[in-house]
Amino acid sequence: MAGVVSREFGLRGTIRRLDGEVDETFRIDAGGTPFLIKLAQAGEAEEAVRFQTGLLLQVQLAAPDLPVPRLRPAANGAHYLMPPSGPLAGRIIRVISFLPGQPLRTVRSTRPLREQVGRNLALLGRALRGHDHPAAHRYLVWDIQHLASLRPMASAVDPPDRRQVLLGQIDRFENTTAPVLSRLRAQVVHNDFNSDNILVAPDGVTVSGILDFGDASYIPLVNDVAVMAAYQLSDEQDPAATAIDAIAGYHAVTELSTDELALLPRLIIARMVARVIVPEWRAKQSPANRRYLLRDAARAWTQLNRLLAIPDELIGQRIMNACPTGARNARPG
């Protein structure tokens, strides 16, 4: 890899591997300036990489102040390359800028920070409005609207009573929530605004980096908000209050309709169901990566159960109270 990166991207330095779920990610320190090398899975569709490349370029044009990675062009001007031969043959390589900051999961959570997380997601959504690509409509296991597809994967979850809770929530989602999603506004969104994909500046409030657009998709806009909120849940008996701060931050930039706000409790639960099932299933497929994949499994299960103990209507009313202008129809924000 060092030879390809040196020859094609003009970077020489120490390379070390970072943890990751799908793509292989490496950091290279070249002359005191760090970059990230993204190495796609063997066989990953080039269309998906083209989509992500176009998406990053779109954000840079529409919202240059948003802290998203910048693509480093290869020697031929392309934003990615696929070696035709050698050990990396057929694998797509990209080099992006390294963004400063601490991962959100390591930073003390405060209300101003949670609100800023919501605001940044809304600003990112604004920047992506109108952007589309065929690969934005591909199937992803993490896509809330396809929650029913996780039923077979639930067999990886033990014990059986836990599995039954998850399957029951999938059934409930399919019966009550999935049928209305097609009526909501949709666009390309980040779709994975979690605590590993957000960097925070030393002041503890400013978002200094937005990472990993690998799950970006064309989905109902409110699903993106639900994904973000699922990672802002607290470890308290009532985990929803902190998530509502982030939702309110989003709503202050891009107003959500009453229909969208009302669906958020069920959509957050749907993401939490996925957060329990998908890592367990992937850990069975990749036992060598089990520790990394299941690092949040116990916490996600506890948060899900605490959410399920609170009536949807109560959480929904609290969200409405925090987003009072939702009484009007959603307008472009």
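The values are calculated or read from the model by the stated rules, or taken from the named source; none is laboratory data. From a predicted model like this one, the values you see are computed outputs, not experimental measurements. All Cβ positions, glycine included, derive from the backbone under ideal geometry; neighbour counts span all protein chains shown. When the accessible area is computed, the model is the full protein with side chains, heavy atoms only, and any ligands, DNA or RNA have been set aside. Shrake-Rupley method; radii C 1.70, N 1.55, O 1.52, S 1.80 Å.
Overview of results
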item	result
Taking N as its residue count, the alpha carbon Rg of the stretch 147-274 over 2.2 N^0.38 Å	1.11
Cα→Cβ-extended label distance, 7 Å offset, between residue 7 and residue 288, nm	2.6 nm
Gyration tensor (Cα) of the stretch 203-333, equivalent ellipsoid semi-axes in angstrom	27, 18, 14
Surface/4 of the Cα convex hull for the stretch 160-217, nm²	6.6 nm²
Residue-normalised accessible area of the chain, given per residue in Å² at a 1.4 Å probe	44 Å²
Spin-label pair residue 27/residue 305, simplified geometry with 7 Å Cα→Cβ offset, distance in nm	3.6 nm
Residue-span extension gain [residue 208 to residue 105] - 0.36 nm each, minus C-alpha spacing	35.7 nm
Equivalent ellipsoid semi-axes, the chain, via Cα gyration tensor eigenvalues times 5, rooted, Å	33, 23, 19
Per-pair calculated FRET efficiency, R0 = 25 Å: residue 16 and residue 42 via Cβ, rounded to 0.05	0.70
The chain, accessible surface, carbon-and-sulfur percent (1.4 angstrom probe)	51 percent
Translational diffusion of the stretch 113-168, µm² s⁻¹ [Kirkwood Rh, Cα pairs; Stokes-Einstein; 4 °C; 1.567 mPa s]	89 µm²/s
Sparsely packed GluC sites (Glu not before Pro) within the stretch 197-268, loop by DSSP, other Cβ within 10 Å at most 15	236
Label-point separation, residue 62 to residue 180 (7 Å along Cα→Cβ), nm	2.7 nm
Protection proxy ranking, peptides 84-95, 142-153, 266-277, average beta carbon neighbours within 10 Å, highest first	266-277, 142-153, 84-95
Binned Cα-Cα distances of the stretch 87-232, short to long, each 10 Å bin given as a whole percent	10, 32, 32, 22, 4
Radius of gyration, Dmax [the stretch 224-293; alpha carbons; angstrom]	14.7, 45
Å³ per residue enclosed by the Cα convex hull of the stretch 268-310	49 Å³
Cα-Cα separations in the stretch 1-127 greater than 17 Å, expressed as whole percent	64 percent
The stretch 145-189: trypsin sites (Lys or Arg not before Pro) in DSSP coil with no more than 15 other Cβ atoms inside 10 Å	183, 185
Cβ-derived FRET efficiency at R0 30 Å, residue 70 paired with residue 236, nearest 0.05	0.20
